[in-house]
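Working notes, structure below.
Please treat every number below as a calculation from the coordinates, not as lab data. What you see is a predicted model, and the numbers here were worked out from it, not measured in a lab. We place every Cβ from the backbone using ideal geometry, glycine too, and count neighbours over all the protein chains shown.
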Amino acid sequence: MQIDIHTILQGIAIMAIPVVLAITLHEVAHGWVAYKLGDPTAKHQGRLTLNPLAHVDPFGTILLPLISYIFAGFIIGSAKPVPVNFHKLRNPKRDMIWVAAAGPGVNIAMALICGILFQLLLPLTLQVSSGSGLLSIILVPLILMLKEGIKWNVVLAIFNLIPVPPLDGSRILAGVLPYRQAEFLGRIEPYGLLIVTFLVFLNPFGFMTHIIWPIMGILTRLFAGIPVF
């Protein structure tokens, strides 16, 4: 079977651009909100930039997606976490919630923007897709990238809202819980990556298949304007 290298590279480009943009904006949002609430750590370390290279983590951004795709058939990953010194925030316990929610919040906003553009451009794309003009060459990849943008922004937002350290959901939960329970949540953070890996790959009690993936699917279809029921 002959492999079409051009098609493969095109598919990678269509997926890579929305993924990189989603990850970059997610991390910048954390640092920007922290900066506005009193912590300049991310700014001083050059992390308030849209340059994706500043947010690449060798394991989370490169190795983990490859491993998850090879062994599980889907992709999970992360960027280099933006440094936040919560003690420098003006109101650490309250502001922790806003800093943590900023990343998923930006991803939901991006999914919404991609969804609106997708629904606006899709009819035009269907009209010109059968042609070979310049408009078709531009619109078809664009609509595919918008579709990927919806999917990956939803995935990044919902996955990060799982309340397990060091995911954003655990920071939000810690800001809401009383101090004693919040401290307990902080103590399990050294084991957080193992817990997340356990949840994703072993799927205990159908946590991923019955809760997380369905939520992602419903939101993706909603943003794309596809009837859910």
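Points worth noting:
- Kyte-Doolittle mean at least -1.0 and Cα axial length at least 30 Å: DSSP H helices in the chain: 5-36, 92-128, 134-160
- Once you reduce segment 86-126 and segment 203-227 to the center of their Cα atoms, the two points are 18 Å from each other.
- Cα lying deepest toward the dipole's positive end in segment 5-223, options Met208, Asn85, Pro104, charges on Cβ: Asn85
- Lysine pair count for segment 5-223 (Cα-Cα distance under 28 Å; residues 8 or more apart in sequence or on different chains): 10.
- In the elastic network of the chain, a GNM with C-alpha springs shorter than 10 Å, the most mobile of Ala42, Ala100, Ala157 is Ala42.
- Shape category assigned to segment 119-229 from the gyration tensor of Cα positions, a/c cut at 1.5: prolate
- Take the Cα of Lys93, step 7 Å toward its Cβ, do the same at Phe184, and the gap between the two points is 1.6 nm.
- Inter-part distance where segment 21-51 and segment 152-187 are each reduced to a Cα centre, Å: 19
- For the options Ile17, Ile108, Ile150, a Gaussian network treatment of the chain with springs between C-alpha atoms closer than 10 Å singles out Ile17 as fluctuating the most.
- Segment His44-His210, extension gain: residue separation times 0.36 nm, minus the distance between their alpha carbons: 55.6 nm
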